[in-house]
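Input: a single structure, listed below in structure tokens.
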Amino acid sequence: MIVTIDGVAASGKSSVSGGVARALGVPYVSSGLLYRAATGLGLEAAVDLHDAPALLSHLQSHPLRLEPLAAGNRVWQGGRELTGELHSTRVDRGVSVVAALPEVRAWVDAQLRALPSPFVAEGRDMGTNVFPRAGAKFYLTASPHIRAVRRAQERPEDVPAIEAALVRRDELDRVQSAPAPDAVVIDTGPLTLDGVIQTILAQLPA
Ligand code: C5P
């Protein structure tokens, strides 16, 4: 079975998906990491991030491999691990431009659909576009302020700057971020990480 966990930026998707995946004994798949890796490679090669043919040709000549481990996803370009460089403010700023390119979305979707199930898939459009027949779908939300306070524990920036960047990214990602009509929407604001994980596990089909 495939479980999808979508949601807005910094809503806790990766931590929640990792926890749900570990409880189920399956991997989780971070689609955002592939968009981040495409952005990171594009920035590194000074490719114009709006130029879909140039970016795609660069990605095709530098194939990426997603390693969907339950303990945390990793992404590789050949023998080089990119994971550690992809959660920077620079990648955050460019990634929505890259994710808006239909050619890049098709490139990511093809890699995700080729993965052997079962797994937990997290992102924006896992339940709507990529795995519309998933066995269970969830969508995580929280106010921009709460998300910024949480993210400030991981980034050397202050809460107002992070909150403004999150609101901007929500807006840029709005097109692909609508919850599936059959998704269970969870406001993670009042819940702990474990509370969100248990809420999801309690609603999975037997
Ligand atoms: O989940 P994360 O914040 O790491 O995703 C990074 C970016 O990748 C998002 O801001 C969005 O632009 C893009 N993304 C997407 N569709 C997905 C997952 C991520 O457009 N399924």
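Taking 37 °C and 0.692 mPa s as the conditions, I'd like the Stokes-Einstein D for the chain in µm²/s, using the Kirkwood hydrodynamic radius from alpha carbon pairs.
191 µm²/s
As a test of the formula, what do you get for the chain when each DSSP H run with n ≥ 4 contributes -39,500 (n - 2.57) and the sum is divided by the residue count, at 222 nm and rounded to the nearest 500 deg cm²/dmol?
-13500 deg cm²/dmol
With springs only between Cα atoms under 10 Å apart, run a GNM on the chain and tell me which of Thr128, Thr89, Thr192 wobbles the most.
Among Thr128, Thr89, Thr192, the largest GNM mean-square fluctuation belongs to Thr192.
For the range 2-202, give the percent of accessible area contributed by carbon and sulfur heavy atoms, probe 1.4 Å, rounded to a whole number.
Ligands and nucleic acids excluded, carbon and sulfur reach 58 percent.
Once both labels are modelled 7 Å past Cα along the beta-carbon direction, what's the Ala202-Ser57 spacing in nm?
The two pseudo-label positions are separated by 5.5 nm.
What's the local net charge at Asp125, with K and R +1, D and E -1, over the other residues with C-beta under 13 Å away?
For residues surrounding Asp125, the net value is +2.
With springs only between Cα atoms under 10 Å apart, run a GNM on the chain and tell me which of Pro63, Pro27, Pro118 wobbles the most.
Of Pro63, Pro27, Pro118, the Gaussian network model singles out Pro63 as fluctuating most.
Counting only DSSP beta bridges with both residues in the chain, what percent are antiparallel, rounded to the nearest 5?
Beta bridges within the chain, antiparallel portion: roughly 25 percent.
Would you tally the net charge around Ser57, using a Cβ to Cβ cut-off of less than 13 Å, leaving Ser57 out, and scoring K and R as +1, D and E as -1?
Within the 13 Å Cβ shell, the charges total -3.
Considering the chain as a Gaussian network with a 10 Å cut-off on Cα pairs, which listed residue, Glu44, Glu122, Glu103, attains the greatest mean-square fluctuation?
The residue that fluctuates most here is Glu44.
Please compute the per residue accessible area over the chain with all protein chains in place, 1.4 Å probe, rounded to a whole number of Å².
46 Å²
The values are calculated or read from the model by the stated rules, or taken from the named source; none is laboratory data. These figures come from a predicted structure and were not determined experimentally. Cβ atoms come from the backbone with ideal geometry, glycine included; neighbour counts cover every protein chain shown. Just the protein is used for accessible areas: all its heavy atoms, side chains included, with ligands, DNA and RNA removed. Shrake-Rupley method; radii C 1.70, N 1.55, O 1.52, S 1.80 Å.
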